[in-house]
Each structure stands twice: as structure tokens, then as C-alpha cells.
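The values are calculated or read from the model by the stated rules, or taken from the named source; none is laboratory data. Since we're looking at a predicted model, the values are computed, not measured. As a convention, Cβ positions derive from the backbone with ideal geometry for all residues, glycine included, and neighbour counts pool all protein chains shown. When the accessible area is computed, the model is the full protein with side chains, heavy atoms only, and any ligands, DNA or RNA have been set aside. Shrake-Rupley method; radii C 1.70, N 1.55, O 1.52, S 1.80 Å.
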Amino acid sequence: MDLILKNISRTYDDHVALDDCSFFVRGGSFTMIIGPNGSGKSTLLRIASLLESPDTGEAIYHDNGGPIKRDIFLKRKIAVVLPGNSLFNDTVFNNVAYGLRVRDMNRHVVRERVHDILERFQLSGKAYRNALTLSSGESQRTALSRALVTGPEYLFLDEPTASLDPVNTEIIEKVLNDIVTGDGMTVVMITHNMFQARRLADRVAFIYGGRVIEEAKSEKIFSSPRKDLTRGFVTGKMVW
Ligand code: ADP
Ligand code: MG
């Protein structure tokens, strides 16, 4: 399933957060969204993941049969982790099991799937801890486990490793890399870490002032971008 972001604009009061943004996300790819604070990245992510509607334009999921209807079945294929992951006051296990239980899944299957995903995130020893007592790295890994346990086709992540240490970041990057290469999941992620973008992304979209300045293969964005603005941003020389 591909995703077409078509001429998306979004204004809050009189502030233009997104101004005619378009790009294409191929199913099974890893796209990183980069850009300064306030440039519209999170707004674009919420619209692409169908949490929010644009004022004009459209986020269209598409497969060989054409555009896919925007219903509960489509929404169940999309998982999102926003900043401030909102775990609830219960065990790690129950937090992660939530998405499976609302799908009425058999309790043995729930158990197995939850334990599998916790193991991938190196959280097996924390399964019966209250989620609110976790460190920030564990808490973020739990939020990612909760998003991934249902096996979504699309995963949207808004700065999932912001303020995490290198060990937590590495665990998360490894799982993300494995699910894209192994399970064929599509990931769209926002990061401020240019090294991370280089390590993980197939495609990179640089957003600035509510516009997609450039969207290209990762190597291209970092080694020979088309626009001076992109070069300035990725080399940390936007202020001069
Ligand atoms: P980024 O994620 O790149 O930092 P955002 O998408 O969060 O940028 O925000 C883009 C602009 O839109 C910012 O100026 C922000 O203040 C504004 N904005 C975002 N969401 C809202 C909202 N719900 N209400 C009002 N303004 C918003
Ligand atoms: Mg943001």
C-alpha cells in the first residue's frame, strides 16, 4: 500500500502550518522527515496518519486496486507514536496487549504476541512492572511495542528517540530497521538526528516553513541536495 500526500495545506487560526505539501511514500520504504522546529513536520505526520484532516488536499492510501476507502479497516493498518507516549497506569504487558484485546484476539495469541514484541525491545524483564514507573527509554520502547504488536502496515513516529541515550536509541533503531527489511512495514518518522536519518532512511523529506523543500533518496539529500536550503540544514549551517 502506497501513500500519496497531495497538495496538503493546514492553517491554525491565521498561522499557515502547511502550505501545499505533496509527496509520495512507497509501501515498504522508510521515510524520514527532517526540518527545523515549527516547520510543520508533526502536522504533516498527523495528517498522513489520518489523525487530523487537512484544510485542502488529501492523504490517499492506494494499492493496485486504486485508492483505499478511509474506514476502520484502513485505520487499523496504521499505527502512530506521538511525543509524550500516554502509557496508562497498568502493567507494561497490559499496555502492550491493549490493541490486540480491542480486536478480540484469543488470549493465548495475545500472550504470545506481547511477549514476542517485548523481547524484541528487550523489555521481557519489565512485563509486569507498572508502565508509569519505567525510565524514559523503557517507556518509549513500551510505546513502540504497543504500536507494533498489532502488525500495522504503516508506522508513524514523531521523534521517537528524542532525548534518549545511545543504548535505547540503538535498540529502537535495530527493531525499526528489522521490521522494514524483514516484515515489509512502511515507516514514516520525524527526527532531528541527521546521523539517524542517514542510518535508517531510504527517502528523506526536508520540510521548511510549511513546505516540502526537497524529497529524495537519503544519499542524495545528504551528499548532493538540489537546494541550498537543504544543504544548509543538513550541514548545520542555516544561520550565518
Ligand atoms: P514541527 O513538528 O515541525 O515542530 P508543527 O507541525 O508542530 O511543527 O507546527 C507547525 C506550526 O503550526 C507551528 O508554528 C505550530 O505552533 C503550529 N501548530 C501546530 N499545531 C497547532 C495547533 N493544534 N494549534 C495551533 N497551532 C498549531
Ligand atoms: Mg513536531
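Considering only Cys21, Val175, Asn85, and ranking their Cα positions along the charge dipole of the chain that arises from unit charges at the beta-carbon of Lys, Arg, Asp and Glu, the one farthest toward the positive end is Val175.
Heavy-atom accessible surface of region 128-240, averaged per residue, reaches 47 Å², computed with a 1.4 Å probe.
Cβ-Cβ distance of Phe88 and His108, R₀ of 25 Å, FRET efficiency by 1/(1 + (r/R0)^6): the value works out to about 0.60.
Computing FRET efficiency as 1/(1 + (r/R0)^6) for Ile60 and Asp19, where r is the C-beta to C-beta distance and R0 is 22 Å, gives about 0.70. For Lys6 and Lys77, the difference between the fully extended length at 0.36 nm per residue and the C-alpha to C-alpha distance is 23.5 nm. Charge dipole of region 148-240 (Cα centre as origin; +1 on each Lys and Arg Cβ, -1 on each Asp and Glu Cβ, all else neutral): 580 debye, rounded to the nearest 20. Overall, the accessible surface of the chain at a probe of 1.4 angstrom is composed of carbon and sulfur to the extent of 49 percent. Each Lys and Arg contributes +1 and each Asp and Glu -1, all at the Cβ; summed about the Cα centre of the chain, the dipole is approximately 320 debye. The residue among Gly151, Leu132, Ser163 whose Cα reaches farthest toward the positive pole of the charge dipole of region 127-172, with charges on the beta-carbon of Lys, Arg, Asp and Glu, is Leu132. Here the chain is treated as a Stokes sphere of Kirkwood radius computed over C-alpha pairs; at 4 °C and 1.567 mPa s its diffusion coefficient rounds to 70 µm²/s.
For Asn193 and Leu51, the FRET efficiency from 1/(1 + (r/R0)^6), where r spans their Cβ atoms and R0 equals 30 Å, is about 0.80. In the chain, helical runs assigned H by DSSP with n ≥ 4 each contribute -39500 (n - 2.57); averaged across all residues and rounded to the nearest 500, the mean residue ellipticity at 222 nm is -10500 deg cm²/dmol. The alpha carbons of region 168-240 stretch over 40, 23, 22 Å along the principal axes, in descending order. By how many degrees, between 0 and 90 and to the nearest 10, does the Cα long axis of helix 166-183 differ from the longest principal axis of the chain? Approximately 90 degrees, to the nearest ten.
Across the chain, C-alpha contacts under 8 Å between residues 6 or more apart give a mean separation that, scaled by the residue count, equals a relative contact order of 27 percent. Accessible surface computed residue by residue for region 31-70, with neighbouring protein chains in place and a 1.4 Å probe, gives 45 Å² per residue. Each Lys or Arg adds one and each Asp or Glu takes one away; over the other residues whose Cβ falls under 12 Å from the Cβ of Thr133, this sums to 0. Amide H neighbours of Tyr61 under 5 Å, at least 5 residues apart or on other chains, H built in the peptide plane: list them. The answer is Ile4, Ile68.
Hey, quick one: spin label on Thr181, modelled 7 Å out along Cα-Cβ, who in region 79-121 has an amide N within reach, i.e. under 20 Å? Correct set: 117, 119-121. Taking Lys69, Lys217 and ordering them by how much accessible surface each has at a 1.4 Å probe, largest first, produces Lys69, Lys217.
Note on the chain: antiparallel DSSP beta bridges, both residues inside, total approximately 55 percent of the bridges counted. Under a GNM of the chain (C-alpha, springs under 10 Å), which listed residue has the highest mean-square fluctuation: His15, His192, His115? Its mean-square fluctuation being the largest, the pick is His15. Angle, helix 92-101 long axis vs. longest principal axis of the chain, Cα atoms, 0 to 90°, nearest 10? Tilt relative to the chain: about 80 degrees.
Note on Thr133: accessible area is roughly 80 Å² with a 1.4 Å probe, heavy atoms of protein only. Rounded to the nearest whole angstrom, the semi-axes of the ellipsoid equivalent to region 48-171, taken from the Cα gyration tensor as √(5λ), stand at 27, 19, 12, largest first.
Karplus-based coupling profile of region 28-34, in residue order and whole Hz: x, 9, 10, 10, 9, 9, 10, with θ = phi - 60° in 6.51 cos²θ - 1.76 cosθ + 1.60 and x standing for Gly or Pro.
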